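Peer 1: Got a structure for you, questions after.
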Amino acid sequence: MAAILRKIFGLKKKKKNLPRKDSVTGRNKTFNVPYLSRLEGNTLQPGQSLIVRGTIIGREEFIINFTSGPKVELDYEVNELDNRLLSIRVDVAAKRVYLNACIDGEWGREGAVKHKWSAGDEFDIRVRCHRECYDVFIDYTLVATFAHYRPLSSVSHLYINGDIELASVSWEGKYYNLPYSAEIPDNLYPGRRLHVSGTFKVDEERKIKPSSFYIDLLSGTNCALHFEPVLARKKVVRTSCMGGVWSEEQVSSEGGFPFKKTGSNLFDVVVACNENQFAFYVNDVLLASFDHVVAPRTIDKIVVHGDIVLHGVHLK
């Protein structure tokens, strides 16, 4: 019916902003599937997040398992699997994501949430580790909290298998204090990208709603870039401050206002430093740009602050 009305009245269907499969958003690589890796160095720490991204290529299922060892598939040499401390199973056809754990051969109580994926769709699944539980995000939305069956330190391996092309697997982040500030090793230069992820902070007890957050890139005492999503205005402000004088705000954008004020919606901001300007991507979609006001190589510090829970910040 909607299609018929659009045809009669000449209405155009609103275009959906699609993710970009390129080197900026990190979806241009391919990892072998099945994927098995041992956690290097120390055990998992509270605040760390697993980020798994890829494309669904079949109509059956895929799994992401946190295990206590490398025995992840039964064969003629392995007749007993290591503990699956968190098992995420995506049933593509049934449109369900199942969460469970299997300890000493016994499965726990299974939970399930819905998904909207079909064969050919891209996916983004994240697991943020806490002392008592895991937060599971699907396509930037918190869908479940899963209590530990064993301490976080028991996880030693990550296993991924199924009907997918795997584009990215990474462990990132920690618990951060705000304001967050850090020196930029070797300063900024064209080709480098700043990644900032988090959720807006909602104080339910005091009924305080978030208002904004900002990312500043500093060049000595000058602010070469001030990037600030303002919830009340539904605008993303870009400006700079040179010699104590603020430039005129830029608020127009190609991608609308992608930020949501709830504490269950994750955002990924990528600030890509190009030759003549910064390009901003939010959740893989190009949002806006901002021309350089100083040479990028003079930018030596990052500051992040505001009404958010910071999940991760790093340079690539």
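Peer 1: Can you find, within the range 293-316, the residue that is surrounded by the fewest Cβ atoms within 10 Å (Cβ to Cβ) among those that are under 25 Å from the mean Cα position of the chain (by Cα) and of a type in the set (Gly, Ala, Ser)?
Peer 2: Out of the qualifying residues, it is Gly306.
Peer 1: Hey, Ile208 hits all of (1) modelled with pLDDT of 95 or more; (2) surrounded by fewer than 17 Cβ atoms within 10 Å (Cβ to Cβ); (3) more than 24 Å from the chain's Cα centre (by Cα) but one; which does it fall short on?
Peer 2: Evaluating Ile208 over (1) modelled with pLDDT of 95 or more; (2) surrounded by fewer than 17 Cβ atoms within 10 Å (Cβ to Cβ); (3) more than 24 Å from the chain's Cα centre (by Cα) leaves (1) as the failure.
Peer 1: Can you list the strands (runs of 3 or more DSSP E) lying wholly within the range 201-276 that have 3 or more residues being farther than 27 Å from Ile125 by Cβ and in the same structural domain as Asn187 (by TED's automatic domain parsing)?
Peer 2: On the way: elements: 213-219, 222-230, 235-242, 266-273.
In the range 201-276, the matching strands (runs of 3 or more DSSP E) lie at 213-219, 222-230, 235-242.
Peer 1: If Leu218 passes every condition in (1) under 18 Å from the mean Cα position of the chain (by Cα); (2) under 29 Å from Ser289 (Cβ atoms) but one, which one does it miss?
Peer 2: Against the list (1) under 18 Å from the mean Cα position of the chain (by Cα); (2) under 29 Å from Ser289 (Cβ atoms), Leu218 comes up short only on (1).
Peer 1: From Arg193, Arg238, grab the single residue that is buried (at least 17 other Cβ atoms within 10 Å of the Cβ) and within 30 Å of Tyr35 (Cα to Cα). Talk me through it step by step, then tell me what you get.
Peer 2: On the way: Arg238 fails: within 30 Å of Tyr35 (Cα to Cα).
Every option except Arg193 fails the conditions.
Peer 1: Of the conditions (1) at pLDDT 70 or above; (2) within 19 Å of Tyr140 (Cα to Cα); (3) not basic (Lys, Arg), Asn17 clears all except one; give me its number.
Peer 2: (1)
Peer 1: Restricting to the range 87-106, count the residues that are small (Gly, Ala, Ser) and either surrounded by fewer than 18 Cβ atoms within 10 Å (Cβ to Cβ) or in contact with a Pro (Cβ under 8 Å, 6 or more places away or on another chain) (or both).
Peer 2: Residues of the range 87-106 small (Gly, Ala, Ser): 87, 93-94, 101, 105.
Retained after the next criterion (residues that are either surrounded by fewer than 18 Cβ atoms within 10 Å (Cβ to Cβ) or in contact with a Pro (Cβ under 8 Å, 6 or more places away or on another chain) (or both)): 93-94, 105.
Adding up the residues that qualify gives 3.
Peer 1: Let me ask another. Among the numbered criteria (1) more than 27 Å from Ser211 (Cβ to Cβ); (2) assigned to a loop (DSSP other than H, G, I, E, B), which single criterion is violated by Val293?
Peer 2: Failing condition for Val293: (1).
The values are calculated or read from the model by the stated rules, or taken from the named source; none is laboratory data. All figures in this text were calculated on a predicted structure; none of them were measured in a lab. Using ideal geometry, Cβ is built from the backbone for each residue, glycine included, and neighbour counts are taken over all protein chains shown.
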